[in-house]
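Please read the structure below before turning to the comments.
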Amino acid sequence: MHGRDLRARSVASVDEYMDLLSGQQKEVAARLRGIVRTRYPQLREDVKWHVPVYSLGTTPIVSIEGFRAHVNLKFFEGARLQDRAGILGGTGKGVRHVKFRSPADVDEEKIRELIDQALGH
């Protein structure tokens, strides 16, 4: 199951969501989840809007969303972040995302810089 179909399906846990991903998307999502959980233990991991969401208190900070050919790390207030690396995509009022097509695309330093900003560090 991929993309829109995956997000439309109710899952009970982040582990269940991760199990629904396949191939490189599963590897990418696992790396992103590992970074967030290891480096930001203060963020609570939940399933909201059918995807893994990481929140500080009740404020969502980032989510991991699997699609057919990529995984997005979505920043709920991404429009206010300084994107020094030029990796944020999207044109919405607030939300921005980083798109990953393979595990090699995951640059922990760049991701941490954005999450640090989102947390006000």
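The values are calculated or read from the model by the stated rules, or taken from the named source; none is laboratory data. As the structure is a prediction and not an experimental result, all values here were calculated from the model. For neighbour counting, all protein chains shown are included, and Cβ atoms are generated from backbone atoms with ideal geometry for every residue, glycine included.
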- Message: Which condition from (1) under 23 Å from V11 (Cα atoms); (2) modelled with pLDDT of 95 or more is the one that F67 breaks?
- Response: (2)
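For residues in region 77-111 being among the polar types (S, T, N, Q) and more than 15 Å from the chain's Cα centre (by Cα), which is modelled with the lowest pLDDT?
To start, the set of residues in region 77-111 that are among the polar types (S, T, N, Q) comprises 82, 91, 102.
Now narrow it down to the ones that are more than 15 Å from the chain's Cα centre (by Cα): 82, 91.
Details: Q82: 96, T91: 89.
Across region 77-111, the extreme among qualifying residues is T91.
For T38, state whether it is within 16 Å of I111 (Cα to Cα) and β-branched (V, I, T). If you could, list the steps in order and put the result at the bottom.
Numbers: within 16 Å of I111 (Cα to Cα): yes; β-branched (V, I, T): yes.
Against the criterion (within 16 Å of I111 (Cα to Cα) and β-branched (V, I, T)), T38 qualifies.
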- Query: If you scan region 26-59, which residues turn out to be without any contact (Cβ under 8 Å) to a residue 24 or more places away in the chain, in contact with a Pro (Cβ under 9 Å, 6 or more places away or on another chain) and not small (G, A, S)?
  - Reply: K48, V53, Y54
- Since N72 meets every condition but one in (1) closer than 26 Å to E16 by Cβ; (2) more than 10 Å from the chain's Cα centre (by Cα); (3) polar (S, T, N, Q), which condition does it not meet? (2)
- Message: I'm told G3 meets every condition in (1) surrounded by 14 or more Cβ atoms within 10 Å (Cβ to Cβ); (2) among the small types (G, A, S); (3) modelled with pLDDT of 95 or more except one. Can you identify the failing condition by its number?
- Response: (3)
